[in-house]
Amino acid sequence: MEIIKSLVALVLYGYEIFIALFSLSYVVFYFILAILSYIAIAKHVHNKKLLEDDIVTRSNYMPGVSVVAPAFNEGVNIVYNVKSLLSLTYPKYEIIIINDGSTDDTLIKLIDEFELEKVDFYYQEKIKTRPVRGHYKSKNPIYSKLLIVDKENGKSKADASNAGINSSQYPLFLCTDVDCILKRNTILKLAKPFIENETKVIATGAGIRISNSCEIKDGLLIKVHFPKKWYPRFQELEYVRSFIFGRMAWSQINGLLLVSGGLGMFDKETVIAAGGYWHKSLGEDMELITRMRKYMHEKKEPFLIKYIPESLCWTEVPETRTVFIRQRVRWARGLVQTLYLHRKMFYNKKYGRTAFVTLPFFFAFEFMVPIIELLGIFVLILTYVWGLINFEFLIIMTAFVYLVYLFITLVCILIDEILYRSYANYKELLILIGMAIIEPLVYHPLTIYTSLKGYWDFFNQKEQKWGVMVRKGYEQPKQI
């Protein structure tokens, strides 16, 4: 019995060393990301002063942009959403709404509101999709920028987006969700990096915020408010940390592996050459960027993927536990699916920093962390049963990780508030800080559960389903 206990103690000692080293490397990497993020944001603020937006707008070199927005059963908001997109300011753009086989009144509302009629359209299927039933244009010249693509349901946003790309006429396309509310200058902000850089830019992204509880009228954002419900509040905190901190840092070293599906601008030629969105992916935005990076590396052509530290898009997020879990399980499956699909890129010198920095980081600190935390729980139980628990080590490591997390989060909140003044008053800002303090205890365990469930479903080859994101709708009766 003593021999077994000694072996267990030895294993636990080795585990403690592993956890200490892993935690230290985690903190070091995030400290480096913090520095890179600061440099990238400072550079962006400086460049804004050098090249004003109105000067860029008048430039003859601004490329045309196609705004691609899939819609499936979006009848609640579709008219307001399309009007919002049509209000964007840019010299040369078009709005392409893809009706992805909706079973509600989405298409009927579009036809009635925008005076649409079916037209002959030269459609080239450069990326294979489910059959397209027709294209609609407005008889009213006010809506000349609007094109509606009606197609059979492809069971994924990827298939609908590909049909929109096939139907687009311009060299750049902005992919968004039809329920997103965009700032009027969004196209301009995302298109600027394509003309400002000598190296070819293949994609750009920007910050996304949460529209739940915001004041929105006729599809236009009137006033930003901090979400009233708990799940959106925690997601707001995640979005601030992710978009201000993580993605700006990766942009600085040209290591971005994710441009959000809710707001991303792409070089159409590169996307088509890489094969477009993969319709079987549950994380189609991350998978597409990974494949585009792979394609450019194989061509041995220098490229950039840029990120803008500005909030240009507001979107509705899950407010209930059920919808939230379903969404996050899909995201987790998308992560492991992408890493597994492109596993041969790891440490392959052909793929440069993507192979040696970006992919290993996502594997170690995105994919592995939930697994390590689960193992930690088992080890904690085992040490308690055998009377070998090291309370001092446990307290030190827990406090260390918590304080580092809290410091990073508070810095992100501070940067966001200084630069963008995102909230209506300081009370909302204080609520956000309070959420940051309790997040590790209340919200983090749920995200760990959804990640582990997503991994389990992937490796057990459980049927992939997107599920339905129930929209509350922006226009609500006053009595509700």
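The values are calculated or read from the model by the stated rules, or taken from the named source; none is laboratory data. Just so you know, these numbers come straight off a predicted model, no measurement behind them. Counting neighbours? That spans all protein chains shown, and the Cβs are built from the backbone with ideal geometry, glycine included. When the accessible area is computed, the model is the full protein with side chains, heavy atoms only, and any ligands, DNA or RNA have been set aside. Shrake-Rupley method; radii C 1.70, N 1.55, O 1.52, S 1.80 Å.
For a Förster distance of 35 Å, can you work out the FRET efficiency between the beta-carbons of Tyr15 and Lys228, rounded to the nearest 0.05?
Numbers: r = 42 Å, r/R0 = 1.21.
E between Tyr15 and Lys228, to the nearest 0.05, is 0.25.
Gain on full extension, evaluated as 0.36 nm per residue between Leu220 and Thr199 minus their Cα-Cα distance, stands at 4.0 nm. Per residue, the Cα convex hull of region 164-260 amounts to 132 Å³. Using bins of 5 Å that start at zero, the share of Cα-Cα pairs per bin across region 279-347 amounts to 3, 13, 17, 18, 20, 15, 9, 4, 1, 0, in whole %. Per-residue Karplus couplings for region 124-138, computed as 6.51 cos²θ - 1.76 cosθ + 1.60 with θ equal to phi - 60°, are listed in order as 9, 7, 5, 10, 5, 9, 5, x, 8, 8, x, 10, 10, 10, 7 Hz, Gly and Pro entered as x.
Which FRET efficiency value, to the nearest 0.05, is calculated for Thr398 and Lys300 with the Förster distance at 35 angstrom and r the Cβ-Cβ distance?
On the way: r = 47 Å, r/R0 = 1.34.
Given R0 = 35 Å and the Cβ-Cβ separation, E is 0.15.
So what is the 222 nm mean residue ellipticity for the chain from helices alone, if each DSSP H run of at least 4 adds -39500 (n - 2.57) and you divide by all residues, rounding to the nearest 500 deg cm²/dmol? Intermediate results must be reported in sequence, preceding the final value.
Working: 16 runs with 240 residues, N = 480.
Result for the chain, helices only: -16500 deg cm²/dmol.
Solvent exposure of Trp278, expressed as accessible area, is near 80 Å², computed with a probe of 1.4 Å over the protein chains only.
Ligands, DNA and RNA are left out, and with a 1.4 angstrom probe the accessible area of the chain is 49 Å² per residue. For region 181-333, state what percent of all Cα-Cα pairs lands in each successive 10 Å bin, counting from 0 Å until the bin that includes the largest distance. In order of increasing distance, the bins hold 10, 36, 35, 16, 2 percent.
Averaging over every viewing direction, what projected area does the convex hull of the Cα atoms of region 279-407 cover, in nm²?
Numbers: hull surface 48.8 nm².
The directionally averaged projection comes out at 12.2 nm².
Remark: region 17-157 is approximated by an ellipsoid whose semi-axes, taken from the C-alpha gyration tensor as √(5λ), come to 40, 25, 14 Å, largest first.
Net charge dipole, region 140-218: roughly 200 debye, given to the nearest 20, about the Cα centre with Cβ charges of +1 for Lys and Arg and -1 for Asp and Glu. The GluC sites (Glu not before Pro) of region 174-226 that DSSP puts in a loop, and whose beta carbon has at most 11 other beta carbons within 10 Å, are Glu198. Name the residue farthest towards the positive end of the dipole of the chain from the options Val442, Leu24, Asn390, assuming +1 on Cβ of Lys and Arg, -1 on Cβ of Asp and Glu, about the Cα centre. Highest projection toward the positive end goes to Leu24. A dipole drawn for the chain from +1 and -1 charges on Cβ atoms has a positive end, and of Met368, Ile78, Leu107 the residue lying farthest that way is Met368. On the beta carbon distance between Ile389 and Ile3, with R0 = 30 Å, the FRET formula returns roughly 0.90. Each residue was assigned an accessible area with a 1.4 Å probe, and for Tyr277 the value is about 10 Å².
Just to check, using Stokes-Einstein with a Kirkwood Rh over alpha carbon pairs, what's the diffusion coefficient of the chain at 37 °C and 0.692 mPa s in µm²/s?
On the way: Rh = 23.9 Å.
Value of D from the Cα-based Kirkwood radius: 137 µm²/s.
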